[in-house]
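S.K.: Sending over a structure as C-alpha coordinates; questions will come in a sec.
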Amino acid sequence: MPPTTSPRNLTLASYKLHRLRLPLAMPIGDSQVKFDVHWMTVLELVTGDGLTGVGFDLQQGCPTPALAQLQAQFEYNMWPALRGANPFGEALRISRPRGGNVGAAILPLAVETALWDLMGKALDLPLYRLLGGKDPEVPAYGSTLDFHLNDDDFRRRLGDFKRMGFRAIKIKVGHPDVEWDLKRLGIARDVMGAGADIMVDANEAWSPKEAIRRSRIYRDSSFNIFWIEDPITREDYAGYAQLRGEIPFTRINTGEYLGFSGKRRLLEAGGVDVLNLHGSIGASRAAAHLAGDFGIPVSLGNTLLELGVHLAASLPEVLYLEFSDLTWNKVAKEPVKFANSKAIAPDRPGHGIELDREALAQFSQSE
Ligand SMILES: [Mg+2]
(Lines give C-alpha, C1' and ligand atoms only; values in the text may rest on other atoms or scores of the structure.)
Protein backbone atom coordinates (compact mmCIF):
# COMPACT_ATOMS: atom_id res chain seq x y z
CA MET A 1 0.00 0.00 0.00
CA PRO A 2 1.39 3.43 -0.85
CA PRO A 3 1.45 5.94 2.03
CA THR A 4 -1.72 8.01 2.21
CA THR A 5 -0.01 11.14 3.54
CA SER A 6 3.00 12.87 2.08
CA PRO A 7 6.16 12.32 4.12
CA ARG A 8 7.30 15.28 6.21
CA ASN A 9 10.64 16.90 5.78
CA LEU A 10 11.81 17.54 9.33
CA THR A 11 15.48 17.88 8.52
CA LEU A 12 17.08 21.12 9.67
CA ALA A 13 17.37 23.46 6.70
CA SER A 14 18.26 26.92 7.98
CA TYR A 15 18.64 29.09 11.06
CA LYS A 16 18.48 32.69 12.18
CA LEU A 17 20.08 34.42 15.16
CA HIS A 18 18.98 37.57 16.96
CA ARG A 19 21.15 39.47 19.44
CA LEU A 20 19.15 41.37 22.05
CA ARG A 21 19.98 43.88 24.76
CA LEU A 22 17.35 43.74 27.50
CA PRO A 23 17.56 46.53 30.07
CA LEU A 24 16.24 45.43 33.46
CA ALA A 25 13.48 47.36 35.20
CA MET A 26 15.62 47.44 38.36
CA PRO A 27 19.07 46.15 39.28
CA ILE A 28 18.99 42.45 40.17
CA GLY A 29 21.48 40.39 42.09
CA ASP A 30 22.53 38.83 45.34
CA SER A 31 25.25 38.89 47.96
CA GLN A 32 27.85 38.25 45.24
CA VAL A 33 26.73 39.93 41.99
CA LYS A 34 24.71 42.83 40.54
CA PHE A 35 23.29 43.26 37.01
CA ASP A 36 21.44 46.05 35.20
CA VAL A 37 21.12 44.43 31.79
CA HIS A 38 20.65 41.05 30.12
CA TRP A 39 22.05 40.08 26.73
CA MET A 40 19.95 37.43 25.09
CA THR A 41 20.54 35.43 21.92
CA VAL A 42 17.47 34.04 20.18
CA LEU A 43 17.87 31.13 17.78
CA GLU A 44 15.31 30.07 15.19
CA LEU A 45 15.87 26.61 13.65
CA VAL A 46 13.80 25.95 10.51
CA THR A 47 13.00 22.51 9.03
CA GLY A 48 12.64 21.57 5.37
CA ASP A 49 8.85 21.79 5.61
CA GLY A 50 8.92 25.18 7.30
CA LEU A 51 8.46 24.39 11.01
CA THR A 52 10.37 26.80 13.25
CA GLY A 53 11.81 25.90 16.66
CA VAL A 54 12.86 28.74 18.95
CA GLY A 55 15.58 28.70 21.61
CA PHE A 56 17.23 31.19 23.93
CA ASP A 57 20.57 31.82 25.59
CA LEU A 58 21.46 34.49 28.13
CA GLN A 59 24.46 36.41 29.35
CA GLN A 60 24.07 38.65 32.39
CA GLY A 61 25.82 42.03 32.41
CA CYS A 62 28.67 41.47 29.96
CA PRO A 63 27.67 42.09 26.30
CA THR A 64 27.55 39.12 23.94
CA PRO A 65 29.80 39.23 20.84
CA ALA A 66 28.51 41.27 17.88
CA LEU A 67 25.90 39.48 15.76
CA ALA A 68 28.33 38.86 12.88
CA GLN A 69 30.75 37.21 15.32
CA LEU A 70 28.00 35.11 16.93
CA GLN A 71 26.92 33.99 13.48
CA ALA A 72 30.46 33.10 12.43
CA GLN A 73 30.97 31.04 15.62
CA PHE A 74 27.65 29.25 15.22
CA GLU A 75 28.27 28.59 11.54
CA TYR A 76 31.67 27.04 12.29
CA ASN A 77 31.03 25.12 15.53
CA MET A 78 27.37 24.11 15.47
CA TRP A 79 25.72 24.33 12.09
CA PRO A 80 27.77 21.67 10.23
CA ALA A 81 26.45 19.01 12.66
CA LEU A 82 22.89 20.35 12.61
CA ARG A 83 22.43 21.00 8.89
CA GLY A 84 20.32 18.21 7.37
CA ALA A 85 19.95 16.44 10.73
CA ASN A 86 16.69 15.27 12.29
CA PRO A 87 15.71 17.28 15.40
CA PHE A 88 14.54 14.17 17.28
CA GLY A 89 17.91 12.46 16.98
CA GLU A 90 19.78 15.65 17.83
CA ALA A 91 17.72 16.29 20.97
CA LEU A 92 17.56 12.72 22.29
CA ARG A 93 21.12 11.54 21.69
CA ILE A 94 23.21 10.69 24.77
CA SER A 95 26.82 11.52 23.96
CA ARG A 96 29.91 11.00 26.04
CA PRO A 97 32.44 13.81 25.72
CA ARG A 98 35.95 12.40 25.79
CA GLY A 99 39.13 14.42 25.75
CA GLY A 100 39.79 16.30 22.56
CA ASN A 101 36.49 15.35 20.91
CA VAL A 102 34.79 18.24 22.68
CA GLY A 103 34.48 21.40 20.61
CA ALA A 104 33.40 24.75 21.99
CA ALA A 105 29.60 24.55 21.98
CA ILE A 106 28.04 27.83 20.89
CA LEU A 107 24.56 28.57 22.29
CA PRO A 108 24.02 24.95 23.43
CA LEU A 109 20.95 25.80 25.50
CA ALA A 110 19.33 27.71 22.62
CA VAL A 111 19.94 24.76 20.30
CA GLU A 112 18.50 22.21 22.72
CA THR A 113 15.44 24.37 23.45
CA ALA A 114 14.77 24.94 19.73
CA LEU A 115 15.07 21.18 19.04
CA TRP A 116 12.54 20.28 21.77
CA ASP A 117 10.26 23.03 20.47
CA LEU A 118 10.45 21.44 17.01
CA MET A 119 9.67 17.98 18.38
CA GLY A 120 6.56 19.27 20.12
CA LYS A 121 5.45 21.14 17.01
CA ALA A 122 6.09 18.14 14.74
CA LEU A 123 3.87 16.00 17.02
CA ASP A 124 1.37 18.80 17.67
CA LEU A 125 1.95 18.36 21.42
CA PRO A 126 2.72 20.91 24.16
CA LEU A 127 6.20 20.20 25.45
CA TYR A 128 5.05 19.22 28.95
CA ARG A 129 2.79 16.56 27.43
CA LEU A 130 5.56 15.30 25.18
CA LEU A 131 7.65 14.95 28.36
CA GLY A 132 4.89 12.92 30.02
CA GLY A 133 3.16 15.63 32.07
CA LYS A 134 -0.61 15.65 32.51
CA ASP A 135 -1.29 18.74 34.63
CA PRO A 136 -0.02 22.07 33.22
CA GLU A 137 -0.08 23.80 36.63
CA VAL A 138 2.97 23.92 38.89
CA PRO A 139 3.41 25.60 42.31
CA ALA A 140 5.48 28.76 41.85
CA TYR A 141 7.19 31.31 44.07
CA GLY A 142 8.09 34.93 43.48
CA SER A 143 11.81 35.57 43.56
CA THR A 144 12.77 39.18 44.26
CA LEU A 145 16.56 39.15 43.46
CA ASP A 146 16.51 42.11 45.83
CA PHE A 147 19.95 42.38 47.44
CA HIS A 148 20.68 45.76 45.81
CA LEU A 149 17.23 47.28 46.36
CA ASN A 150 16.59 49.67 49.23
CA ASP A 151 13.88 48.71 51.71
CA ASP A 152 11.19 50.79 49.96
CA ASP A 153 11.87 49.28 46.53
CA PHE A 154 12.08 45.82 48.13
CA ARG A 155 8.68 46.34 49.71
CA ARG A 156 7.22 47.50 46.38
CA ARG A 157 8.63 44.46 44.58
CA LEU A 158 7.17 42.12 47.19
CA GLY A 159 3.84 43.91 46.76
CA ASP A 160 3.97 43.28 43.01
CA PHE A 161 4.34 39.53 43.59
CA LYS A 162 1.61 39.56 46.21
CA ARG A 163 -0.75 41.30 43.75
CA MET A 164 0.11 38.68 41.12
CA GLY A 165 -1.24 36.08 43.54
CA PHE A 166 1.98 34.59 44.89
CA ARG A 167 1.82 32.95 48.30
CA ALA A 168 5.49 31.97 48.37
CA ILE A 169 8.50 34.26 48.07
CA LYS A 170 12.27 33.94 48.00
CA ILE A 171 14.48 36.80 49.14
CA LYS A 172 18.23 37.34 49.23
CA VAL A 173 20.24 37.14 52.44
CA GLY A 174 23.96 36.90 53.11
CA HIS A 175 24.59 40.51 54.11
CA PRO A 176 27.62 40.82 56.40
CA ASP A 177 25.27 42.16 59.10
CA VAL A 178 22.74 39.54 60.21
CA GLU A 179 20.45 42.35 61.40
CA TRP A 180 20.01 43.34 57.73
CA ASP A 181 18.85 39.81 56.94
CA LEU A 182 16.38 39.92 59.84
CA LYS A 183 15.02 43.31 58.80
CA ARG A 184 14.40 42.04 55.24
CA LEU A 185 12.75 38.85 56.54
CA GLY A 186 10.48 41.05 58.64
CA ILE A 187 9.50 43.13 55.60
CA ALA A 188 8.83 39.97 53.57
CA ARG A 189 6.56 38.52 56.25
CA ASP A 190 4.83 41.87 56.69
CA VAL A 191 4.00 42.21 52.98
CA MET A 192 3.30 38.56 52.13
CA GLY A 193 1.40 37.67 55.31
CA ALA A 194 2.14 35.10 57.98
CA GLY A 195 0.85 32.15 55.93
CA ALA A 196 3.29 32.60 53.02
CA ASP A 197 6.19 30.24 52.45
CA ILE A 198 9.42 32.24 52.72
CA MET A 199 12.69 31.00 51.23
CA VAL A 200 16.11 32.63 51.50
CA ASP A 201 19.10 32.47 49.16
CA ALA A 202 22.59 33.28 50.43
CA ASN A 203 24.39 32.56 47.14
CA GLU A 204 27.29 30.80 48.89
CA ALA A 205 28.02 33.71 51.22
CA TRP A 206 28.78 31.63 54.32
CA SER A 207 31.07 29.05 55.86
CA PRO A 208 29.27 25.98 57.24
CA LYS A 209 29.60 27.38 60.78
CA GLU A 210 28.16 30.75 59.79
CA ALA A 211 25.34 29.05 57.90
CA ILE A 212 24.39 27.09 61.02
CA ARG A 213 24.62 30.24 63.17
CA ARG A 214 22.43 32.33 60.83
CA SER A 215 19.84 29.58 60.36
CA ARG A 216 19.46 29.34 64.14
CA ILE A 217 19.21 33.13 64.49
CA TYR A 218 16.41 33.23 61.89
CA ARG A 219 14.60 30.44 63.72
CA ASP A 220 15.10 32.05 67.15
CA SER A 221 13.75 35.32 65.71
CA SER A 222 10.53 33.40 64.87
CA PHE A 223 11.09 33.08 61.12
CA ASN A 224 10.02 29.74 59.73
CA ILE A 225 12.14 29.39 56.59
CA PHE A 226 10.79 26.96 53.96
CA TRP A 227 14.27 26.47 52.47
CA ILE A 228 17.75 27.93 52.68
CA GLU A 229 19.36 28.06 49.24
CA ASP A 230 23.09 27.80 48.52
CA PRO A 231 24.27 28.68 52.04
CA ILE A 232 27.88 27.51 51.42
CA THR A 233 30.14 26.86 48.46
CA ARG A 234 28.73 24.48 45.89
CA GLU A 235 31.31 21.70 46.11
CA ASP A 236 31.54 21.46 49.90
CA TYR A 237 29.60 18.19 49.98
CA ALA A 238 30.80 17.31 53.49
CA GLY A 239 29.80 20.77 54.67
CA TYR A 240 26.33 20.33 53.18
CA ALA A 241 25.94 16.96 54.90
CA GLN A 242 26.98 18.51 58.22
CA LEU A 243 24.58 21.41 57.73
CA ARG A 244 21.70 19.12 56.92
CA GLY A 245 22.23 17.30 60.21
CA GLU A 246 22.52 20.46 62.29
CA ILE A 247 19.58 22.49 60.95
CA PRO A 248 16.79 19.90 60.62
CA PHE A 249 14.15 22.64 61.13
CA THR A 250 14.49 23.85 57.53
CA ARG A 251 15.32 22.45 54.08
CA ILE A 252 18.58 22.89 52.22
CA ASN A 253 18.13 23.74 48.55
CA THR A 254 21.26 23.51 46.42
CA GLY A 255 22.75 22.01 43.27
CA GLU A 256 21.91 24.97 41.02
CA TYR A 257 25.57 25.66 40.26
CA LEU A 258 26.61 22.01 39.88
CA GLY A 259 26.82 19.89 36.74
CA PHE A 260 25.44 16.36 36.66
CA SER A 261 28.47 14.81 38.32
CA GLY A 262 28.42 17.40 41.13
CA LYS A 263 24.73 16.77 41.71
CA ARG A 264 25.44 13.05 41.99
CA ARG A 265 28.19 13.66 44.57
CA LEU A 266 25.95 16.01 46.52
CA LEU A 267 23.16 13.40 46.65
CA GLU A 268 25.61 10.65 47.58
CA ALA A 269 26.96 12.83 50.41
CA GLY A 270 23.43 13.32 51.77
CA GLY A 271 23.86 17.09 51.56
CA VAL A 272 20.56 18.25 50.06
CA ASP A 273 16.83 18.31 50.86
CA VAL A 274 15.68 19.90 47.57
CA LEU A 275 17.78 19.55 44.43
CA ASN A 276 17.78 22.70 42.31
CA LEU A 277 17.49 22.18 38.54
CA HIS A 278 17.40 24.57 35.62
CA GLY A 279 18.63 24.98 32.07
CA SER A 280 19.05 21.94 29.83
CA ILE A 281 15.97 19.74 29.55
CA GLY A 282 18.01 16.58 28.94
CA ALA A 283 20.46 17.14 31.81
CA SER A 284 17.67 18.22 34.18
CA ARG A 285 15.65 15.10 33.40
CA ALA A 286 18.68 12.93 34.14
CA ALA A 287 19.33 14.78 37.42
CA ALA A 288 15.66 14.52 38.42
CA HIS A 289 15.81 10.78 37.79
CA LEU A 290 18.85 10.56 40.05
CA ALA A 291 17.24 12.70 42.77
CA GLY A 292 14.22 10.39 42.75
CA ASP A 293 16.51 7.46 43.34
CA PHE A 294 17.65 9.17 46.55
CA GLY A 295 14.09 10.09 47.52
CA ILE A 296 14.88 13.80 47.16
CA PRO A 297 12.38 16.30 45.65
CA VAL A 298 13.46 18.97 43.16
CA SER A 299 12.79 22.64 42.44
CA LEU A 300 13.17 24.59 39.22
CA GLY A 301 15.37 27.68 39.29
CA ASN A 302 14.79 30.59 36.92
CA THR A 303 14.65 29.49 33.29
CA LEU A 304 14.63 31.70 30.20
CA LEU A 305 11.10 32.77 29.24
CA GLU A 306 9.99 30.51 32.16
CA LEU A 307 10.25 27.49 29.84
CA GLY A 308 11.19 25.30 32.82
CA VAL A 309 7.43 25.17 33.45
CA HIS A 310 7.21 22.32 30.91
CA LEU A 311 9.90 20.36 32.70
CA ALA A 312 8.34 21.09 36.10
CA ALA A 313 4.91 19.97 34.90
CA SER A 314 6.38 16.69 33.72
CA LEU A 315 8.58 15.69 36.67
CA PRO A 316 7.51 13.98 39.89
CA GLU A 317 8.03 15.71 43.25
CA VAL A 318 8.57 19.31 42.15
CA LEU A 319 8.16 21.55 45.20
CA TYR A 320 8.30 24.91 43.44
CA LEU A 321 9.26 26.79 40.27
CA GLU A 322 11.01 30.18 40.53
CA PHE A 323 9.63 33.34 38.87
CA SER A 324 11.47 36.68 38.83
CA ASP A 325 9.36 38.57 36.28
CA LEU A 326 12.25 39.79 34.11
CA THR A 327 12.45 41.76 30.86
CA TRP A 328 13.00 38.65 28.72
CA ASN A 329 9.25 37.93 28.72
CA LYS A 330 8.76 41.05 26.58
CA VAL A 331 9.99 39.13 23.52
CA ALA A 332 7.09 36.65 23.82
CA LYS A 333 3.73 37.37 22.20
CA GLU A 334 2.16 35.50 25.09
CA PRO A 335 4.51 34.75 28.00
CA VAL A 336 4.01 31.84 30.39
CA LYS A 337 1.13 32.76 32.72
CA PHE A 338 1.16 32.76 36.52
CA ALA A 339 -1.98 32.74 38.64
CA ASN A 340 -2.83 31.75 42.17
CA SER A 341 0.83 31.04 43.01
CA LYS A 342 1.05 28.60 40.10
CA ALA A 343 2.82 28.61 36.76
CA ILE A 344 0.73 27.34 33.85
CA ALA A 345 2.46 25.55 30.99
CA PRO A 346 1.15 26.82 27.62
CA ASP A 347 -1.14 24.35 25.88
CA ARG A 348 0.23 25.26 22.46
CA PRO A 349 2.47 22.86 20.42
CA GLY A 350 6.15 22.88 21.39
CA HIS A 351 7.08 25.22 24.23
CA GLY A 352 4.37 27.58 23.07
CA ILE A 353 6.40 30.78 23.08
CA GLU A 354 5.91 32.71 19.87
CA LEU A 355 8.30 35.59 19.24
CA ASP A 356 6.92 39.13 19.23
CA ARG A 357 8.58 40.51 16.08
CA GLU A 358 8.12 44.14 17.11
CA ALA A 359 9.78 43.54 20.47
CA LEU A 360 12.55 41.61 18.75
CA ALA A 361 13.23 44.62 16.51
CA GLN A 362 13.03 46.98 19.47
CA PHE A 363 15.63 45.11 21.55
CA SER A 364 17.89 43.96 18.70
CA GLN A 365 21.42 45.32 18.67
CA SER A 366 23.71 43.84 16.05
CA GLU A 367 26.86 45.33 17.57
MG1 LIG B 1 19.76 30.70 43.72
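S.K.: Please find, among Arg251, Arg234, Arg264, Arg244, the residue that is within 16 Å of the ligand (Cβ to nearest atom) and surrounded by fewer than 19 Cβ atoms within 10 Å (Cβ to Cβ).
M.R.: On the way: Arg251 fails: surrounded by fewer than 19 Cβ atoms within 10 Å (Cβ to Cβ); Arg264 fails: within 16 Å of the ligand (Cβ to nearest atom); Arg244 fails: within 16 Å of the ligand (Cβ to nearest atom).
One residue alone meets the criteria, Arg234.
S.K.: For residues in the range 108-129 being farther than 20 Å from Val42 by Cβ and more than 17 Å from the chain's Cα centre (by Cα), which is surrounded by the fewest Cβ atoms within 10 Å (Cβ to Cβ)?
M.R.: Restricting attention to the range 108-129, the residues satisfying the condition of being farther than 20 Å from Val42 by Cβ are 122-126, 128-129.
Going one step further and asking which of them are more than 17 Å from the chain's Cα centre (by Cα), we end up with 122-126, 129.
Numbers: Ala122: 20, Leu123: 14, Asp124: 11, Leu125: 16, Pro126: 22, Arg129: 19.
Checking each candidate, the answer is Asp124.
S.K.: May I ask you to say which residue of Lys183, Lys263 is over 19 Å from the mean Cα position of the chain (by Cα) and modelled with pLDDT of 95 or more? Before the answer, list the steps.
M.R.: Values: Lys263 fails: over 19 Å from the mean Cα position of the chain (by Cα).
Going through Lys183, Lys263 in turn, just one is over 19 Å from the mean Cα position of the chain (by Cα) and modelled with pLDDT of 95 or more: Lys183.
S.K.: Quick one: in the range 287-323, which of the residues that are of a type in the set (D, E, K, R) and within 21 Å of Ala269 (Cβ to Cβ) is nearest to the ligand (Cβ to nearest atom)?
M.R.: Glu317
S.K.: Answer yes or no as to whether Leu326 is within 16 Å of the ligand (Cβ to nearest atom) and either in contact with a His (Cβ under 9 Å, 6 or more places away or on another chain) or in contact (Cβ under 8 Å) with a residue 24 or more places away in the chain (or both).
M.R.: When the stated conditions are applied, Leu326 passes them.
S.K.: Does Leu321 meet the test of being in contact with a strand residue (DSSP E or B) (Cβ under 6 Å, 6 or more places away or on another chain) and under 22 Å from Arg157 (Cβ atoms)? Working first, answer last.
M.R.: Details: in contact with a strand residue (DSSP E or B) (Cβ under 6 Å, 6 or more places away or on another chain): yes; under 22 Å from Arg157 (Cβ atoms): yes.
Yes: the conditions hold for Leu321.
S.K.: Of all residues in the range 190-213, count the ones that are more than 16 Å from the ligand (Cβ to nearest atom) and surrounded by 15 or more Cβ atoms within 10 Å (Cβ to Cβ).
M.R.: Here the count works out to 6.
S.K.: Right, something else. Identify the single condition in (1) within 30 Å of Phe154 (Cβ to Cβ); (2) of a type in the set (Ser, Thr, Tyr); (3) within 16 Å of the ligand (Cβ to nearest atom); (4) assigned to a helix (DSSP H, G or I) that Ser284 does not satisfy, given that it satisfies every other one.
M.R.: Ser284 satisfies all of (1) within 30 Å of Phe154 (Cβ to Cβ); (2) of a type in the set (Ser, Thr, Tyr); (3) within 16 Å of the ligand (Cβ to nearest atom); (4) assigned to a helix (DSSP H, G or I) except (1).
The values are calculated or read from the model by the stated rules, or taken from the named source; none is laboratory data. Here the structure is a predicted model, which means the values were calculated and not measured. Cβ: placed from backbone, ideal geometry, glycine included. Neighbour counts: every protein chain shown.
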